Every structure is written in structure tokens, then in C-alpha cells.
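The values are calculated or read from the model by the stated rules, or taken from the named source; none is laboratory data. In this text the structure is predicted, and so the values were computed from the model without any measurement. Quick reminder, even Gly has a Cβ in these numbers, built from the backbone with ideal geometry, and neighbours come from all protein chains shown.
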Amino acid sequence: MKNIKQNGKKTIFSFQKNLKSIFALFFLMTCVAVDAQVGISNVSITPDASSMLEVRSTSKGLLIPRVALTGTSDVTTVVSAATSLLVYNTATVSDVTPGFYFWSGAAWVRLLSGTIPASGWALTGNAGTISGTNFVGTTDAQALDFRTNNTLQFRISTGGQLQANNLGTAAAPVFTWVADNNTGVFSPAADIFGITTSGTERYRFTTTQGLAGMDGSAAAPMYSWNSDNNNGMYRIGADILGFATNGTERFRLSTTEAVVNDASNNYDFRVESDGQDDMFFVDASANRIGFNTVTPANVIDFRATTEDIWLTYWENANAATGAVAQFYHSNVANGNRVVMGVTNYDASALEADALIGLSLNSTVTGTGGTGVYGGANNESGIAVYGSLFNDGTYSGWAGYFDADVYVGGTLYEVSDRRLKSDIEPMQGGLDVVMKMKPVSFSFNKQQYPEMGLKTGLQYGFIAQDVEEVIPTLVKEKTLSINSNRLKTTGMNSEKKSEVFKVVDYTGMIPFLTKAIQEQQVEIESLEARIKALEEVIKANGQ
């Protein structure tokens, strides 16, 4: 130790070596209550008048005790720390990081540094912050204001609202971006929210509506998506709303109509129901409509469903002469078919009816109704045509009537020689007729009430009797035993039938004709014999 001076109240120490001795001496001196200023340096110095202790060096610093705090509330690392006690924390743990801390009497407080403030936010930003611990704001029930040029611009209220202090405009929206400051949101007036791009209002919300500021187009709809911006909705014109996909109009709504594919593109239309994905389909390329099919083979194509209902149902309640439906083929060159009914039913539980005509209501006065009406406006036409495919032996019917049949003209059977072979003269007509057993009878309507059998006394033959004489005039045919009953709309009639023997009464005509001819021969023979006898008697003078 050397160069130690004491001048009155000022004591000056100059140290070069033996630092331990110097700090020991410093400790002893500071434990003595003296009215003096202390200067510590490696050269002779005079302490500043305003300081109790001045440490001066141009190449060394003051080393503060280094400790590892466990947090700002740590009271065990430094026991009974005095208020303002200074330490350098070396630990990064809890809410402390390396740096200078002093004891405030209740907690360790970090000293402000050039880069990490002990509290508050630096003008150039902060480092070492902890989310959830460090924050900008207030800790009392006061709003947080943000100003520029000492004018309030934004406020965060105690209720959590971000409040702007001006409404903004379409050209200068209040909420915007640095790089695009004419795009954003603003308030045109009280209770109105506006959205602007490029300084022009595009959309606004009022208390009752959302209003677009532009129409858009099919190629660039007003309402669209960022990833698919040629799909969406737009305004075609006054009171006309359009919908587009891939930049093409698909659907429009106006005050008078809803139009699909107004642009006449090759664009199909499909309606899906619960469980049926092709309930209604318009094939734009083929100009066809399908029901329950996406491949309609006809202009209007209905396909079968699994439901036990009618495929279509038409009803007209017009009080005048309006019809339910009219089918008209106007092409005179190829108008051979208008309506065709076809059934593919091959079971036996129900009646298989390809086409049903029904006059529902019974009448007391008037002419009644017509179930099926057929007419032809030319002399060579056919009003009603019925046929049954067969190979010569069959049990069905080309026409079936269970009541009277009226023929205004003549009932014909085909008899052209060109259609016949093995033609031979008939023999024994009278013999056959003499074996026939004509009877009178009544039909058993009690057992068969719905067959349409005639009432009252009838005359004719018993099929079994005729079969014994002329078997070719008798057939076994299937007859409906429930056909003559009241019909209802939507009916799905149960098929009830039995096999009965039927007689071809028209087929008896040739036998009757032959019998008359044979009888006429006998009559003529008898007449000749009588005439001869008369001449003999006359000759004998009798």
C-alpha cells in the first residue's frame, strides 16, 4: 500500500496492488461514522463535492455481487435484504433474467438498461418479455388511449372495445394497411359500416341491410371466393339477380320469372330429392327431360320407381269443358302414334292394364260418361284397335266386355278365300242340329255378382252339351269374376278370375245353314213325291 493521503476532511487513497487489503481498509473506514468524503482511484483524486464516495478509473470497473435469484419475490437467496440493496442476477428463471436488480422492500426490481427496461416499454422496443406476464395497458379501470400529434386516434375501452376517434372515408378508411391505405373499413354515418377498396366503397351494412356498391358480372361476380373468383352472385340489371359458375351465368331471378340457363348453353339441370338423385333432369345437349333418370331417351322420359303409386297423376277441376290432357301429333308426314300404354307385368295377383279409361261418376239423367273413346276422321281409319298376339291357340282376349256391346255398323269376321286352305263341303248339318239341346236358363249372379252376367230368363246352349256335338265351337277361357264393379281413381285392382267354357255362337251359323239346306233338299224331295202321287191319283180318276 502506498500514496495514502488525508487532507482535513478529505481522505484520498491510491491503490496499485494488494486489492484485498484495500477493500478490508475500505470496509473498516465505512464502518466508522466520520464526516468525510471518500475517493478511490489508482491515482490521486479529489472526490466530487456532491458525493460521499467516488470511485474513479479509466480502465477498470466496479464489480457488484453476483447472485442467482429464483424470482422477483425471492427472499432466501439474499436473506433479510435491505431496501435498495443492489445485486447482479445471473439466472434466467421465473420472472427474472440476467441483469441488475435492487430490493424495493417487497420485491426485486430490475434496473433499466439500454436494451431491456426494468419496467415500461422502450421507444425502440423491448426484448426478454414474457407473454402473459409483460403487457402494454392499464391495471386500473381506465381505458387505454393512442394518440398522434397529441390527438386521440384509438382507444381500447375497459370493456375490450377497440374504438376509433374518427369515421374515416372511402378514400381514407379508418382501419386500413400501410402498404394499401385506401382499402379498408370506415363508417359513412351513424350505424353504417362500409368496406372500401382502391378508395371506392364496395359494400356497406346498415341496421337493416347489407348493400353492395357494385353489380359485378358473370365473369367477376360481386359475391365470390378468393380461390374461385368466377363463381358467385351478381346483379344483372334492375331487380334481376344472377348466379354464375366458371364465369358463365347459370341461373337468374327477376320479379317475373326464374330462369335456368338463360344464356342457352349446354348446361344440364337436375333436381335431387331425399333418396333420389335424379328426381328431375334436363338434358341440355339432347333437349330432353327425364324423371328418375339422367339419360332420358325421349323428349319427356319417366322411369319406374319402387313406390306403389301412379307414375303421374293429372287432375283438372275446370267447370267448363277443360280436359285433363291432350296429346296431339301435328306432323302429317309421320304422326302414326300419339299415346301408347305398355305394361310388363307378368304376375297374376293384379290386373295388368296398359291403358285405363274411366268415367267415374254414375248418372241418373243425361247420357253418362265414356271410359275409353276412340274416333277416326277418315273412312279408312280405325277408331279402336285391339289385338292379342297368338299362334292360333290362346286363352286371352283382344277385346273384353262384361255388358252389352252396341255395333252401329256391321260385325264382320274374316272369311276371304285367300286366308283359307283345305276347303271341303260340310256334311251332316241337320244331323248336328238335331243333336243340339237348346235350353232356357238364368245366370248364377248370386255366386258371381261382379261378372256382369245378364239378369232374367235367357235362351241358349250349355257349353258342355255343345262340346259333345261340335267340340270346335267350345273353348276354355279365363274370365274375370270381379270386373263389373264400381271403379275408382288410383285403383290397383286385384285380379280374380276363373276358367269357364265358352261357346262360339257365330260358329253355329254354318251348321244351321247346312241343316236348312239339307232340310230344303228333303222338302223338295217330298214335294216331288207328293206331286207324283197327286198325278197318279188324278190319272186313276180318284
Legend entry - Exclusive hit being in contact (Cβ under 8 Å) with a residue 24 or more places away in the chain and loosely packed, with under 15 Cβ neighbours inside 10 Å, set T200, T208, T196: T200
Inset, instruction - May I ask you to list pairs of residues, at least six apart or on different chains, whose Cβ atoms are under 8 Å apart, with the first in region 261-274 being under 9 Å from R250 (Cα atoms) and the second being hydroxyl-bearing (S, T, Y)? - result: N261/Y267; A263/T248; N265/T248; Y267/T248
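Quick grid of which residues meet (1) exposed (fewer than 11 other Cβ atoms within 10 Å of the Cβ); (2) in contact with a helix residue (DSSP H, G or I) (Cβ under 9 Å, 6 or more places away or on another chain); (3) in contact (Cβ under 8 Å) with a residue 60 or more places away in the chain; (4) within 29 Å of Y412 (Cα to Cα):
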| site | (1), (2), (3), (4) |
| --- | --- |
| P449 | no, no, no, no |
| V466 | no, yes, no, yes |
| Q519 | no, yes, yes, yes |
| A528 | yes, no, no, no |
Legend entry - Residue selected from region 181-212 under the condition within 31 Å of the chain's Cα centre (by Cα) and not in a strand (DSSP E or B), by the criterion farthest from S254 (Cα to Cα): T208
Legend entry - Subset tally (residues that are touching a Lys or Arg at 6+ places or on another chain (Cβ under 8 Å), surrounded by 10 or more Cβ atoms within 10 Å (Cβ to Cβ) and of a type in the set (A, V, I, L, M)) for region 391-431: 2
Legend entry - Failed item in (1) over 30 Å from S73 (Cβ atoms); (2) modelled with pLDDT of 95 or more, with W108 passing the rest: (1)
Legend entry - Selection status of N390, part of a loop (DSSP other than H, G, I, E, B), of a type outside the set (D, E) and not assigned by TED's automatic domain parsing to the domain that holds V521: yes
Inset, instruction - Evaluate region 178-189: report whether one residue or more is more than 30 Å from I236 (Cβ to Cβ) and touching a residue at least 24 places away in the same chain (Cβ under 8 Å). - result: no
Inset, instruction - Please state which one of V466, V407, V439, V414 is closer than 27 Å to E518 by Cβ and out of contact with any strand residue (DSSP E or B) (no Cβ under 8 Å at 6 or more places or on another chain). - result: V414
